[in-house]
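Student: One structure follows; several queries about it will come next.
The values are calculated or read from the model by the stated rules, or taken from the named source; none is laboratory data. All values reported here derive from a predicted model rather than from experimental measurement. Don't worry about glycine lacking a Cβ; one is built from the backbone with ideal geometry, like all the others, and counts go over all protein chains shown.
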Amino acid sequence: MDVNVDDEREKALRLQVEWAEERTALGIARTVGSWARTGLGAIGVALGMHVVFREPSQLMLGRLAATLFLLIAVALFIGGNLQARRLHRMLEREHDMPIHNTYAPLTIALVLATALCGVMLWIV
């Protein structure tokens, strides 16, 4: 009878650990999403700066301000990816199994789109 109780406790503990790992993985996804949303907000501010400073006398100021916010957006995208990689490495150490960073393609796409926005701001 004692063996069954121990087996049930062990199964329950394993299940709790699995759920904790799942919550951690979901937390990583929320963290990356937060960084990405903040970066997209910085792109919105950059576009707003470009529109606000539209007069010829203020055009260069608007472009510089917009570029600054685009650089902030790139830093946020890369920062979110680095944070996810750090958390994935932490999980890998726990389980001795590789966990791939699936956020790298998203980060690359966002950085490229931001660079394209920057080029368009300076051309238009």
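Student: Which one of these does PHE69 not meet: (1) under 30 Å from THR114 (Cα atoms); (2) modelled with pLDDT under 90; (3) among the aromatic types (Phe, Trp, Tyr); (4) out of contact with any Gly (no Cβ under 7 Å at 6 or more places or on another chain)?
Tutor: That leaves (2) as the condition not met.
Student: Let me confirm something: among THR67, THR31, which residue is closer than 21 Å to PRO105 by Cα and part of a helix (DSSP H, G or I)?
Tutor: Details: THR67 fails: closer than 21 Å to PRO105 by Cα.
When all the criteria are applied, what remains is THR31.
Student: Of a type outside the set (Phe, Trp, Tyr) and either buried (at least 16 other Cβ atoms within 10 Å of the Cβ) or modelled with pLDDT of 90 or more (or both) - does that describe any residue in the range 1-19?
Tutor: Of the range 1-19, the ones of a type outside the set (Phe, Trp, Tyr) are 1-18.
Now drop any that are not either buried (at least 16 other Cβ atoms within 10 Å of the Cβ) or modelled with pLDDT of 90 or more (or both), which leaves none.
No, there is no match, as no residue in the range 1-19 is of a type outside the set (Phe, Trp, Tyr) and either buried (at least 16 other Cβ atoms within 10 Å of the Cβ) or modelled with pLDDT of 90 or more (or both).
Student: May I pose another question? Would you be able to tell me the number of residues in the range 89-104 that are under 19 Å from ALA20 (Cα atoms) and modelled with pLDDT of 80 or more?
Tutor: The number of residues fulfilling the criteria is 2.
Student: Among ARG23, ARG37, ARG86, which is more than 30 Å from ILE123 (Cα to Cα), exposed (fewer than 14 other Cβ atoms within 10 Å of the Cβ) and at pLDDT 85 or above?
Tutor: Working: ARG23 fails: at pLDDT 85 or above; ARG37 fails: more than 30 Å from ILE123 (Cα to Cα).
Only one candidate qualifies: ARG86.
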